[in-house]
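**Student:** One structure, pasted below without further comment.
The values are calculated or read from the model by the stated rules, or taken from the named source; none is laboratory data. These numbers come from a predicted model, not from an experiment. In this analysis, Cβ positions are derived from the backbone assuming ideal geometry, glycine residues included, and neighbour counts consider all displayed protein chains. Ligands, DNA and RNA are stripped out before the accessible areas are found, and what is left, the full protein with its side chains, is counted by its heavy atoms. Shrake-Rupley method; radii C 1.70, N 1.55, O 1.52, S 1.80 Å.
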Amino acid sequence: GKQVSVSGDAWLDREWSSQFLQADQNGWDWFSLHLDSGEKLVLFQLRQRPGSASGGNFRYGRLITDDGRSTPLDPALIKLTALDRTVVAGRNLPLRWRIELPQIDRALEVEALHPRQWMEVDFPYWEGFVTVNGNGPGYRGRGYMELTGYPAGMQRKN
């Protein structure tokens, strides 16, 4: 019953889909990044199961400038590479990534700040705070990453 004043940044996560993955998909890797330049970057990929007939991973990306202009990123030019993996809750999770976006001349490294952010719920996933590093304006920042579809029982692989 007591009011307390607070200040700072907050995160509001809105799910815009209630659809589960398709039968030929095994998970997603999702990034929402707030760059020091004031820009926002949203990226994700839906990972296809090995041997899937539908081809490679589905990718999506969008850059939002500090004045609110939005630019879609060409999915064919988005490159997401897992750089390191960490075993969390018996799962081999890629918690450090290199993101290459030649369309906007960016190469970023994204890394989990606290690896142990596994959510053991009906649809288990990892979600947590990440740091963004790189060289030049718009190459550093912070954000969130969400990972799903990484099965238990995996051993560490680099």
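**Student:** Within the accessible area of the chain, what % is carbon and sulfur when the probe is 1.4 Å and the other protein chains stay in place?
**Tutor:** 51 percent
**Student:** For residue 24 and residue 123, compute 0.36 nm times the residue count separating them, minus their Cα-Cα distance, and round to one decimal in nm.
**Tutor:** That works out to 33.9 nm of additional length.
**Student:** Right, here's the next one. Can you give the percent of C-alpha pairs in segment 44-99 whose distance is more than 12 Å?
**Tutor:** Considering segment 44-99, 75 percent of its Cα-Cα pairs are separated by more than 12 Å.
**Student:** Could you please put 58, 123 in sequence from largest to smallest accessible area, using a 1.4 Å probe?
**Tutor:** Final ranking, largest accessible area leading: 58, 123.
**Student:** With no solvent and one point on each alpha carbon, what is the Debye value of log10 I(q)/I(0) for segment 76-123 at q = 0.18, 0.23, 0.31, 0.33 Å⁻¹?
**Tutor:** Each listed q maps to, in turn, -0.64, -0.83, -1.11, -1.18.
**Student:** Charges only on Cβ, +1 for Lys and Arg, -1 for Asp and Glu: so what's the dipole of segment 32-158 about the Cα centre, in debye to the nearest 20? Display every interim value, and only then the final one.
**Tutor:** Working: 17 positive and 14 negative charges, 93 e Å.
With only Lys, Arg, Asp and Glu charged at Cβ, the dipole is about 440 debye.
**Student:** With the calculation restricted to Cα positions, what are the radius of gyration and Dmax of segment 65-158 in angstrom?
**Tutor:** 14.8, 45
**Student:** What spacing in nm lies between the two simple spin-label points modelled at residue 83 and residue 66, each 7 Å away from Cα in the Cβ direction?
**Tutor:** Modelled inter-label distance: 2.5 nm.
**Student:** I would also like to ask the following. Given 153, 64, 37, which one lies farthest toward the positive end of the charge dipole of the chain, if we put +1 on the Cβ of every Lys and Arg and -1 on the Cβ of every Asp and Glu?
**Tutor:** My answer, from the dipole projection, is 153.
**Student:** Another question about this same structure. Bins of 5 Å, beginning at zero and ending with the bin holding the largest distance: percent of Cα pairs per bin for the chain, please.
**Tutor:** 2, 8, 16, 21, 20, 16, 10, 5, 2, 1, 0, 0
**Student:** For the chain, with every protein chain kept in place, what is the accessible area per residue (1.4 Å probe, Å²)?
**Tutor:** On the way: 9700 Å² over 158 residues.
Ligands and nucleic acids excluded, the result is 61 Å² per residue.
**Student:** Considering only the other residues whose Cβ falls under 14 Å of the Cβ of residue 106, what net charge follows from Lys and Arg at +1 and Asp and Glu at -1?
**Tutor:** -1
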